[in-house]
Amino acid sequence: MTAKEKIIQAVETLPADTTFEEAMERLLFIAKVERGIQQADAGETLSHLDVKERMSKWWNYAKLFSIYRVQRIL
């Protein structure tokens with residue numbers, strides 16, 4: 001199925017009262033899922049351990065940033 005056909009199919013399944021914003025969100029979601037499938041097919045994935053490590057680093061940074069903001073306010 002071509003991208004154009006997927007877009008038409010997605011739009012046709014939307015409710016009649018859908019807003020432009022809702023339609024765009026749906027199309028963006030479909031595009032991101034398609035990209036994710038392409039990346040997975042190309043082997044561009046992360047292991048569960050890699051994701052846990054990245055999230056841990058992100059979470060620690062977020063906590064430090066929050067503490068810094070609180071100290072700065074006080």
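The values are calculated or read from the model by the stated rules, or taken from the named source; none is laboratory data. Worth saying up front: this structure is predicted, and the values here are computed from it rather than measured. Neighbour counts run over all protein chains shown; Cβ positions are idealised from the backbone, glycine included.
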Next item on the list: Quick one: P15 ticks every box in (1) assigned to a loop (DSSP other than H, G, I, E, B); (2) surrounded by 10 or more Cβ atoms within 10 Å (Cβ to Cβ); (3) modelled with pLDDT of 95 or more except a single one, so which number is it?
Entry: (2)
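Is it the case that the stretch 24-46 has a residue that's touching a Leu at 6+ places or on another chain (Cβ under 8 Å) and either loosely packed, with under 11 Cβ neighbours inside 10 Å or small (G, A, S) (or both)? Spell out the reasoning first.
To start, the set of residues in the stretch 24-46 that are touching a Leu at 6+ places or on another chain (Cβ under 8 Å) comprises 26.
Pick out the ones that are also either loosely packed, with under 11 Cβ neighbours inside 10 Å or small (G, A, S) (or both) and you get none.
Within the stretch 24-46, not a single residue is touching a Leu at 6+ places or on another chain (Cβ under 8 Å) and either loosely packed, with under 11 Cβ neighbours inside 10 Å or small (G, A, S) (or both).
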